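For reference, the structure is listed below as structure tokens.
Please treat every number below as a calculation from the coordinates, not as lab data. Note that the coordinates shown come from a computational prediction; the quantities given were computed from them, not determined experimentally. No Cβ is skipped: glycine too gets one built from the backbone with ideal geometry, and neighbour counts run over all protein chains shown.
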Amino acid sequence: MWNDLVSLLFLAYEQFMYLSLFIEIALIFIFIAIIVTLMSYGSILFRRYDSYVYQKRMAHLSPIIEDLITEQVLLNENLGKDIPVDEIEFDQQAISNKLFRKPVVRQILIDTLIRYRKNFRGEVGELLRKLYTEMNLIEDSFAKLRTFKWETKIKALVELTQMDIPISDSMLLPLTNSTNPTLRAASRNAYIQLSKNEPFKFFDIATEPILPWDQLEMFKIITNTKDVTIPNFSRWVSYSNNKSIVTFCLKLIAHYDQQSAIPAIIELLSTKDHYFRAHAINCLGKLSAEIAEEKLVTIYTSQPVNCQIEIIIALGRISSGKHLEFLKQEFLFSSNFDVQMNAARSIIRHNSQNSRSMLTEIMETTNEENQLIIKHCQNPLIKY
Amino acid sequence: MPNILVIDDDDIMLKAIKNILNKDGFNVVTATDGKQAFELLDHTVYDIVITDLMLPHANGLEVVGKVRHNEANRNVGIIVVSSVGNEETITEAFRLGADDYLKKPIMAGELLMRIRKLIANKNSKTQFVTKKK
């Protein structure tokens, strides 16, 4: 039978060689398509089977694991009796069950504990953490952190962060500068949440950028995590060579209103990168840095449009009233519509006696188009 | 035994709260979505309703509105439990008639304390109305 098959293949090959080139190419394509289709179906079937086995296993194991957590943690007799969580004992027979030695079961156990931890804090949350450490699941997570697969490392980071288990700097810091952006973001987030004293230490060694989406995620973590030590971010504004770190620090300085950072930000105004300069001007405006006003007005004419607009917005935010005339000149004589629009908004933002009389005067003397711009900016329903 | 309706789409949270409240002597009924909760609320008057904000079919705010809309449920204590922490949503929940708000992750002891306080308030209100009559 084997010989028959070989001779058939040989015959097919001989015939294939005599076919025209176009038909040969078409046949090759058909052959590849069939193989790829079969492989795809095989992969789908395998995944479905795998998921079916997992679901079946979960259906069997979940009640056992949930019962363990319910008995040992939720219904623990010592809860609510003012006994420190460290002194609460678990039923050793229950937690040393042979079933909980299997890696698959241990992983389901970790996942379930994390789900509970997301819902409970206080005594229950602490007891869940204690169960995690007493069942030595911590070792499973650290083993995952030592693997080469980045997905597994991220899983370990999430587990350890959720369980509030400190990770040594020697293990975590290198990951914060990984070339893999997903792993890098996850480890930076973990570092902020786990490092009690210096949560932003990785800024010192970061050569890889913090991507805009990661900045957003990190900002959420910084503002939502309890007891994060907030440093003076001007340190990185002055010394970091990583532009994304400096940009992110500028946003954090504005958010935490770190007035002491103003001199360091003013230094940034002489940087060559105009996008960077625009960020610095924006931050000065948000900090209402009156001290920087003169400098901003002085450099105005030598700036590109994006920086000019930021300067005008900043003057509106500072609202000292010293540069109302400058804003008026920009509104009346600038050829750029965005500059005019922002100058009008900045004058309105001052909301002082002088600014109001200036607006009345402009409305009486200026052309129809400028009047329309002012009316548009005065509309409280239009946000900017 | 006070009747409590707990509404949450997270089965782990439902089971956990049910166990904790049962241990403290409360009778707990659970619902996993807004629709199921509406059906239960149509047939039974509960002492306390604990609801998540993000639910399938109808959200927690709709549940709060539904409870308060029914005259029979005027004295039902409503606790909103959610990981959504924005002020607007919380204010809206209170405007619709929620009595309390807890942010996830919750503390079991705190939840029990607030439930007891709401039940005590409800009982004192009922006594006041009876005396007035």
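So the check is Cβ under 9 Å with 6+ separation or different chains; which pairs have a first residue in the range A:312-327 that's surrounded by fewer than 20 Cβ atoms within 10 Å (Cβ to Cβ) and a second one that's not polar (S, T, N, Q) and not in a helix (DSSP H, G or I)?
A:R317/A:L287
Where in the range A:1-116 are there helices (runs of 4 or more DSSP H), lying wholly inside it, with at least 1 residues that are surrounded by 10 or more Cβ atoms within 10 Å (Cβ to Cβ), basic (K, R) and away from chain B (no Cβ under 14 Å)?
Working: elements: A:2-17, A:21-69, A:92-95.
In the range A:1-116, A:21-69 are the helices (runs of 4 or more DSSP H) which contain 1 or more residues that are surrounded by 10 or more Cβ atoms within 10 Å (Cβ to Cβ), basic (K, R) and away from chain B (no Cβ under 14 Å).
Looking only at the range A:241-281, which residues are within 16 Å of A:L211 (Cα to Cα) and not in a helix (DSSP H, G or I)? Show your work before the answer.
Initially, the range A:241-281 is screened for residues within 16 Å of A:L211 (Cα to Cα), giving A:241-252, A:275-276, A:279.
If the condition is that a residue be within 16 Å of A:L211 (Cα to Cα) and not in a helix (DSSP H, G or I), then A:N241, A:N242 are the ones that fit.
Do we find a residue being out of contact with any Ser or Thr (no Cβ under 9 Å at 6 or more places or on another chain), aliphatic (A, V, I, L, M) and free of Cβ contacts under 8 Å to residues at least 24 places away in the same chain anywhere in the range A:349-359?
Scanning the range A:349-359, I find at least one residue that is out of contact with any Ser or Thr (no Cβ under 9 Å at 6 or more places or on another chain), aliphatic (A, V, I, L, M) and free of Cβ contacts under 8 Å to residues at least 24 places away in the same chain, so the answer is yes.
How many residues, within the range A:117-133, are within 10 Å of another protein chain (Cβ to nearest Cβ), surrounded by fewer than 19 Cβ atoms within 10 Å (Cβ to Cβ) and among the basic types (K, R)?
Number of matching residues: 2.
Under the condition of being more than 13 Å from every other protein chain (Cβ to nearest Cβ) and crowded, with 17+ Cβ neighbours inside 10 Å, which residue from the range B:1-27 is farthest from B:L112 (Cα to Cα)?
Once the filter is applied, the top-ranked residue is B:I7.
Please go through the range A:282-294 and pick out each residue that is surrounded by fewer than 22 Cβ atoms within 10 Å (Cβ to Cβ) and not in a helix (DSSP H, G or I).
Result: A:S288, single match.
Looking at (1) more than 30 Å from A:E198 (Cα to Cα); (2) loosely packed, with under 15 Cβ neighbours inside 10 Å, which one does A:N136 not meet, given that it meets all the others?
(1)
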